[in-house]
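What follows is a short report on a single structure.
The values are calculated or read from the model by the stated rules, or taken from the named source; none is laboratory data. As the structure is a prediction and not an experimental result, all values here were calculated from the model. Counting neighbours? That spans all protein chains shown, and the Cβs are built from the backbone with ideal geometry, glycine included. Ligands, DNA and RNA are stripped out before the accessible areas are found, and what is left, the full protein with its side chains, is counted by its heavy atoms. Shrake-Rupley method; radii C 1.70, N 1.55, O 1.52, S 1.80 Å.
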Amino acid sequence: MEAIAVCAAQALSDGGLAVRRDALFYGRSASVFFVRFQGVAYGYLNQCAHVPTELDWVEGQFFESSGLYLMCATHGAIYLPDTGRCVGGPCRGGRLRPLVVEERDTPDGRQVFWLPDEHVIPVPISST
Ligand code: FES
């Protein structure tokens, strides 16, 4: 599947707000999110390992206050931003579903790209 341009690289700041995109997970409506941590862009399915619900109550707010961990707003599960592994809270032993993310230089500047797999794909853009 072809790479999907997500956003300009500078739109993701270290420990800052995420960029969300609508997606299909095994054909069901879902969302994914992209963050930057220690200079590297990461992407995950927006679904907690505790209960399959979205992590963010405030859209795009995935990092907790220290900017070191991703946190689920529902019951406070804590995940490592670089691996998605759960390190605290009720998700212990679980992990976020990672996406393949790359940053590439383009004629429009450096961009973040999502390389979808067969199970998590972008919502098809409808033609009008
Ligand atoms: S749903 Fe995320 S911690 Fe419970």
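Among the residues making up segment 48-79, a single one is of a type in the set (Asp, Glu) and either within 10 Å of the ligand (Cβ to nearest atom) or touching a helix residue (DSSP H, G or I) at 6+ places or on another chain (Cβ under 8 Å) (or both): 54. Within segment 66-90, residues that are farther than 15 Å from residue 50 by Cβ sit with their Cβ atoms under 6 Å from residues that are assigned to a loop (DSSP other than H, G, I, E, B), at 6+ positions apart or across chains, in these pairs: 67/15.
The condition (being touching a Cys at 6+ places or on another chain (Cβ under 6 Å), open to solvent by 70 Å² or more (accessible area, probe 1.4 Å) and of a type outside the set (S, T, N, Q)) is satisfied by just one residue among 75, 50: 50. Being closer than 20 Å to residue 12 by Cβ, of a type in the set (Ser, Thr, Tyr) and surrounded by fewer than 20 Cβ atoms within 10 Å (Cβ to Cβ) is a property that residue 29 lacks.
Table: residues versus (1) open to solvent by less than 60 Å² (accessible area, probe 1.4 Å); (2) modelled with pLDDT under 95; (3) over 12 Å from the mean Cα position of the chain (by Cα).
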{"position": "9", "(1), (2), (3)": "yes, no, yes"}
{"position": "20", "(1), (2), (3)": "yes, no, no"}
{"position": "39", "(1), (2), (3)": "yes, no, yes"}
{"position": "58", "(1), (2), (3)": "no, yes, yes"}
{"position": "81", "(1), (2), (3)": "yes, no, no"}
{"position": "103", "(1), (2), (3)": "yes, no, yes"}
{"position": "109", "(1), (2), (3)": "yes, no, yes"}
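Could we say that residue 95 is in contact (Cβ under 8 Å) with a residue 40 or more places away in the chain, open to solvent by 80 Å² or more (accessible area, probe 1.4 Å), among the charged types (D, E, K, R) and more than 16 Å from the ligand (Cβ to nearest atom) here? Taking the combined requirement at face value, the residue does not satisfy it.
Pairs linking a residue in segment 5-18 that is within 14 Å of residue 38 (Cα to Cα) to a residue that is of a type outside the set (Phe, Trp, Tyr) and open to solvent by 40 Å² or more (accessible area, probe 1.4 Å), with Cβ atoms under 6 Å and 6 or more positions apart or on different chains, are 9/103; 9/110.
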